[in-house]
1. For segment 9-117, what is the charge dipole size about the Cα centre, in debye to the nearest 20, if Lys and Arg each add +1 at the Cβ and Asp and Glu each add -1 at the Cβ?
2. For N19 and A65, what is the calculated FRET efficiency with R₀ set at 25 Å and r taken between the beta-carbons, to the nearest 0.05?
3. Roll a 1.4 Å probe over the protein chains and send me the accessible area per residue for the chain in Å².
4. Going by Cβ distance under 4.7 Å, what cysteines of the chain have no possible disulfide partner?
5. Heavy atoms only, probe 1.4 Å: what % of the accessible area of the chain goes to carbon and sulfur, would you let me know?
6. Any idea how far the Cα center of segment 29-65 sits from the one of segment 82-123, in Å?
Amino acid sequence: MVMVNEKLKKACTREELENVSFLTRAIHYKKQSVSAIIFLFENNGYAYVNICMHMQRPLNCEQHAIFDETGQYLRCSMHGFVFDPKTGECQSPVCLGQRLQALRLQEIDSVFYFAEKHLTLNA
Ligand code: FES
């Protein structure tokens, strides 16, 4: 049994992520109330602040989806900018090289926790 550090905040279980393409969680991060997107990619968990750097919209603002049709790239549903799921780096010319704000996840016993000091969960 691994002791869970009390600074970790539970995001979701691996099982929950296995059943959907992504989840969102309401969080407070660096003085802002935002949502986080959480997903599995190549069997690893990733999380980002759900704000596209293009026009500050959530990636799923127009559609309930954050991946493109190939499943290999994140895609903002507002104007279609695409991102590397592993780094959050934008692949589209206007914002090329800019990154979504990554949130560290830690997995303990098939449960993912946010491992960010300046993050709290919103109800
Ligand atoms: S707001 Fe995301 S692509 Fe424009």
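The values are calculated or read from the model by the stated rules, or taken from the named source; none is laboratory data. Quick caveat: nothing in here was measured; it's all calculated off a predicted structure. Note that we place each Cβ from the backbone using ideal geometry, even for glycine, and neighbour counts take in every protein chain shown. Surface areas here come from the heavy atoms of the whole protein model, side chains and all, with no ligands, DNA or RNA. Shrake-Rupley method; radii C 1.70, N 1.55, O 1.52, S 1.80 Å.
1. Once rounded to the nearest 20, the dipole reads 620 debye.
2. It comes to 0.95.
3. Per residue, the chain has an accessible area of 59 Å².
4. C12, C61
5. 48
6. 7
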